[in-house]
1. Label A:GLU342 and A:ARG7 with points 7 Å out from Cα along Cα→Cβ: what is the distance between them in nm?
2. Pairs A:LYS178/A:LYS330; A:LYS236/A:LYS275; A:LYS402/A:LYS432; A:LYS188/A:LYS330; A:LYS121/B:LYS36; A:LYS351/A:LYS402: which are spaced more than 20 Å apart, C-alpha to C-alpha?
3. When you look at the Cβ of every residue in B:39-45, what mean number of other chain Cβ atoms sits within 10 Å?
4. For A:LYS420 and A:LYS275 in the same chain, what is the full-extension length gain: residue separation times 0.36 nm, less their Cα-Cα distance, in nm?
5. If each residue of separation counts as 0.36 nm, what is the full-extension length gain between A:THR213 and A:SER237 once their alpha-carbon separation is subtracted?
6. Can you give the angle from 0 to 90° between the axis of helix B:126-138 and the longest principal axis of chain B, with both taken from C-alpha atoms, to the nearest 10?
7. Of the DSSP beta bridges with both residues in the range A:38-115, give the percent that are antiparallel, rounding to the nearest 5.
8. Over the range A:207-275, calculate the relative contact order: mean separation of alpha carbon pairs under 8 Å at least 6 apart, over the residue count, as a percent.
Amino acid sequence: MAESAGRWRDLDKLLLRPGNIVSPNFEPGPELRDDLQTYARVLVVGAGGLGCELLKDLALSGFRNIDVIDMDRIEVTNLNRQFLFRLQDVGKPKAEVAAMRVMERVSGVNIVPHFCRIEDKELDFYSDFTIIALGLDSIEARSYINAVACSFLEYDSDDNPLEESIKPMVDGGTEGFKGHARVILPGKTPCFECTIWLFPPQVKFPLCTLAETPRTAAHCIEYAHLIKWDEVHSGKSFDADDPEHMQWVFSEAVKRAELFGIPGVTYSLTQGVVKNIIPAIASTNAIISAACALEALKIMTGCSKTLSNYLTYNGLEGLHTKVTEFVREKDCLVCGPGVLLELDTSVTLQKFIELIGEHPKLLLSKPSITYRGKTLYMQAPPVLEEMTRSNLILPLYDLMDKVSKDVIHVNGMTSKNDAKQSCLLKLRIVFKGIDGMTDMDMASGA
Amino acid sequence: MIKLFKVKEKQREIAENANGRAPVKKQSAGELRLHKDISELNLPKSTTIAFPNGKDDLMNFEVTIRPDEGYYQGGMFVFTFSVSPIYPHEAPKVKCKTKVYHPNIDLEGNVCLNILREDWKPVLNINTIVYGLHHLFTEPNHEDPLNHEAATVLRENPKQFESNVRRAMTGGYVNQTYFTRCIC
């Protein structure tokens, strides 16, 4: 099918003409659209309510190389808003069907689906993308992708982020009539972890209320889910995605509600309470996704300044929307620069502990040390100290799998203004003289 | 940004051959915070901690409490802790592995402790929880019952409660329920 001459007319209006509120590196011209279509690679995380919208929006905005990852299969209840899916698709992987449907409708776009968990992919998989768009519904998953994206971030010796190491993210989220869209440029704008306190704590009912004095339908459901299930199914764990399990919890909740004369237990409420589901609204998803796709286009092409950096939308009573500029957490363990240390490959863990105790920027005593999930040394409790003590005589370089530079985390006591306080720090370790590079080359992430 | 990626595309091979990134394992922010909590633990002397999966899995561990006073003196109670990657945004999941006759712990090991659920705050830590659990043994509380029967006995007949606890801890039946011995 030949591409009609006017197909990109609207996009070209953004990409061909200079402007005043564009990004400093914006270079308008016909080449920009070609580059967008050739070099930009987007990963869409999640192919649910937001993901479907994002895929459609990105494809129609000129992005051609898109991947989508989602571990879920299509359910009947998705069909009211996840508009890429049809009744006959129920049971099929969301990522695969979504990719196929958008490719059928938008010529020239190539979408590669990944039907798996985000944790199943290697870091290399994520490093291939120029931008990551998040359409997720959980804090865990966002936190994970954020940590992955931030792991590519490198700083120079003056603690400035290296432009080419920044993996931009746009994150969308909706709950009923409310939503947010945010731009995360690790090293420049706050990362997900810098502002994790924005999330309200989850509502959890006291177990004894559930067991003794239920007052609401939700109490009855949680009783069946958290207490009765274990009592009856010894050892078998509850699976929220198994309809039989859900049905069992529902019927037990109904019995419980009858016993206490509480109205309102329904199957869909049971699903809602157990899986923490808030009814999703198609229009909210569409609005939030549109904002995210537009930001992705702006980040990639520079055709306009980006949203700075957190948009909230509320359509509950009329319409309210606002953009707030959140600030970075200076010492963020995930996106912050940490303290740069250059070491010889011969430095043992013991020697390293002495070094960070004397280092003027650290003055860290009694440190415990971890490297990528490996516990290198623990001061306490005694059982862990004993298990890790043998590492003290080993070279840190060996303990860090002979990687020439990487991040490790230490926690211990530091004395600031004569007051001792406990702290948790990120250190960027660079080993001197590896691969014939000069120290400075490596420190600046050549 | 795009220009950057055109350049990057060309550099990729070079970069890949140079010092390879170690993609071993991602450490979550929750793990880091937990690591700090663990290294700063200041446990009551009646308490011990164990890591059944070894030193590289701190997210799952067991705490053993041996109350040194009260109804449960002489008993030994094991709690399993399972910590989420978004800790401390979410409280650890704590269960009692030892079957215990206790008003605030049911026979499945569910524990009614406010800071484990409705009153959890990210400023709390593992130490706080351990002290909270310890407190449950020194001050069992009939007002927040999970084991309704035990709570009733504690409220109405503390002497009977005391002898029920003894019988359960030495191994035996209390009403229709069998408890295995947990006196050390």
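Here, each number is a calculation from the coordinates, and none is a lab measurement. Note that the coordinates shown come from a computational prediction; the quantities given were computed from them, not determined experimentally. Counting neighbours? That spans all protein chains shown, and the Cβs are built from the backbone with ideal geometry, glycine included.
1. 5.3
2. Over 20 Å apart, Cα to Cα: A:LYS178/A:LYS330; A:LYS121/B:LYS36.
3. 5
4. On the way: separation 145, 0.36 × 145 = 52.20 nm, distance 4.35 nm.
That works out to 47.9 nm of additional length.
5. Values: separation 24, 0.36 × 24 = 8.64 nm, distance 2.52 nm.
Extra length available between A:THR213 and A:SER237 comes to 6.1 nm.
6. Tilt of helix B:126-138: around 10 degrees.
7. Details: 1 of 11 bridges.
Bridges in the range A:38-115 that DSSP calls antiparallel: roughly 10 percent.
8. It comes to 41 percent, rounded to a whole number.
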